[in-house]
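**Student:** Here it is: the structure, laid out below.
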Amino acid sequence: MIRGSASWAGSVRLALSTLFALRSSAYSAGGSPALWCAISPGSLRKSLVTTVPSDCAWAPTQVSMSSTLHIKSRCPVYPGSQTSRFPVPDDRVKWKTEWPEYRPTVYTAAAVLAQPEWADPDVGSFCPQFNILDGSVERRSHEGEYRVLDGKPLNPHGRTGLTGRGLLGRWGPNHAADPIVTRWKKDGGGQPVVNPRSGLPLLQFVSIMRKDCGEWAIPGGMVDPGERVSLTLQREFSEEALNSLAASPQQRALLRQRIDKLFSSPGLQVYKGYVDDPRNTDNAWMETVAVNFHDETGDSVSELPLQAGDDAGQVTWMDFDSTLSYYASHSHFLEMVAKERQAHW
Ligand code: BGC
């Protein structure tokens, strides 16, 4: 793992849309999931889907993070298992809706119960301090204060049909970071490629195919206890897209030199908050900070020796494409980048 300093954190810019999203994201302690991720004023979108989703890979293009309701967090069969969630229809997602018949499935994966270093023990056998920085473990949510019921944190976006932690190590928020490394697409003659329909230039990003589900994704990962998000962004990119874990110390030093410049450039934070992730449960959920690092001239990051590593099966420069289905809420993050950079989506 590359451990080093990155300095974008001091100069990170917030996408205008993110600022608006944060303003509109007030989560009330009563558990009502507010509209928490607007794309821009006037373009708040609501999910058109009103039924219980039919499977985890199902990702209709009209559903995005801007939905008021989480969708992937209610996928019928929990990932990596044969465990079925208790079906939660749209009108029963919010905790404030009384539902005495709610009987969520109890499930925590064996790998989590085995208590690796990244996982908490079971509630009861230890006393986590929720809503604060608990030793070096960040138990604060980007979304504000969450409720704790019978010693267990409650998912701020409502019911998922499953209690326990599933595949997630932490009770409450599980923090990730997503580096979106972009460049403009060029043709053989070095000219920017423009989409004929929108007339806008096309962006490309470094994308990995995740080994766990085979979906294309941003090369993000979990924030280690005590780690600065700025470092997580750089470390995860190095491990998954440059395979730094398999590199010799000399090669690692060289890679580090090459990406230090990129990650010390001002990053554009396009999202910070809850993620509609299929691993979410009633008591454990994913949150992320997504930051765009853009190579305007195309002469720095394009030279990077991409090589899939760690959780990545493949890595490539991929065109931004709104018709593709990406992992979790990644499509939404890409859309935000495209809008901010006035690129085709
Ligand atoms: C992934 C991130 C993703 C997050 C939430 C993490 O495991 O590495 O890319 O944004 O989960 O879905």
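**Student:** At a 1.4 Å probe, what is the % contribution of carbon and sulfur to the accessible area of the stretch 172-312?
**Tutor:** 51 percent
**Student:** Okay, next question. Students sometimes get this wrong: rank MET209, MET336, MET222 by accessible area, probe 1.4 Å, all chains present, largest first.
**Tutor:** In descending accessible area the options line up as MET222, MET209, MET336.
**Student:** Ignoring everything but the protein chains, give the 1.4 Å probe accessible area of ARG165 in square angstrom, nearest 10.
**Tutor:** Its accessible surface works out to 0 Å², give or take rounding.
**Student:** Which order do the peptides 135-143, 232-240 come out in when sorted by mean C-beta neighbours inside 10 angstrom, highest first? Each step should come with its number before you reach the end.
**Tutor:** Details: 135-143: 17.6, 232-240: 25.7.
Result, highest mean first: 232-240, 135-143.
**Student:** Cross-link list LYS185/LYS261; LYS152/LYS211; LYS94/LYS272; LYS72/LYS96; LYS152/LYS272; LYS94/LYS339: which exceed 26 angstrom alpha carbon to alpha carbon? Could you put the intermediate results ahead of the total?
**Tutor:** On the way: LYS185/LYS261 21 Å; LYS152/LYS211 31 Å; LYS94/LYS272 21 Å; LYS72/LYS96 21 Å; LYS152/LYS272 23 Å; LYS94/LYS339 30 Å.
Those over the limit are LYS152/LYS211; LYS94/LYS339.
**Student:** Report the Cα centroid-to-centroid distance between the stretch 271-345 and the stretch 116-135 in angstrom, as an integer.
**Tutor:** Spelled out, the Cα-based centre of one part sits 29 Å from the other.
**Student:** Could you tell me how far the Cα centroid of the stretch 77-112 sits from the Cα centroid of the stretch 160-229, in Å?
**Tutor:** Here the answer is 26 Å between Cα centres.
**Student:** Would you check the accessible area of SER331, probe 1.4 Å, heavy atoms only, in square angstrom rounded to 10?
**Tutor:** The accessible area of SER331 comes to roughly 30 Å².
**Student:** A follow-up question, please. Compute for the stretch 210-345: radius of gyration divided by Kirkwood radius, i.e. Rg/Rh, restricted to C-alpha atoms, rounded to two decimals. Could the numbers behind the result be given before it?
**Tutor:** On the way: Rg = 15.1 Å, Rh = 16.0 Å.
Here the Rg-to-Rh quotient is 0.94.
**Student:** What does the highest-first list of 297-310, 98-111 look like by mean Cβ count within 10 Å? Working shown, then result.
**Tutor:** Details: 297-310: 15.5, 98-111: 12.9.
The densest-packed peptide leads the list: 297-310, 98-111.
**Student:** Also: Give the aspartates and glutamates whose C-alpha is closer than 19 Å to that of LYS186, dropping any in the same chain fewer than 8 places away, or say none.
**Tutor:** Within reach: ASP295, GLU296, ASP299, GLU303, ASP319, ASP321.
**Student:** How much length is gained if the chain between THR97 and LEU133 is pulled fully straight, taking 0.36 nm per residue apart and subtracting their Cα-Cα distance, in nm to one decimal? Each step should come with its number before you reach the end.
**Tutor:** Working: separation 36, 0.36 × 36 = 12.96 nm, distance 3.04 nm.
Computed gain between THR97 and LEU133 is 9.9 nm.
**Student:** For VAL315, VAL291, give me the order by solvent-accessible area with a 1.4 Å probe, most accessible first, ignoring ligands, DNA and RNA.
**Tutor:** Values: VAL315 30, VAL291 0 Å².
Accessible-area ranking of VAL315, VAL291, largest first: VAL315, VAL291.
The values are calculated or read from the model by the stated rules, or taken from the named source; none is laboratory data. No experiment lies behind these values; they were computed from the predicted model shown. FYI the Cβ positions are ideal-geometry reconstructions off the backbone, even for glycines, and counts take in every protein chain you see. Surface accessibility is based on the protein's heavy atoms, side chains included, excluding ligands, DNA and RNA. Shrake-Rupley method; radii C 1.70, N 1.55, O 1.52, S 1.80 Å.
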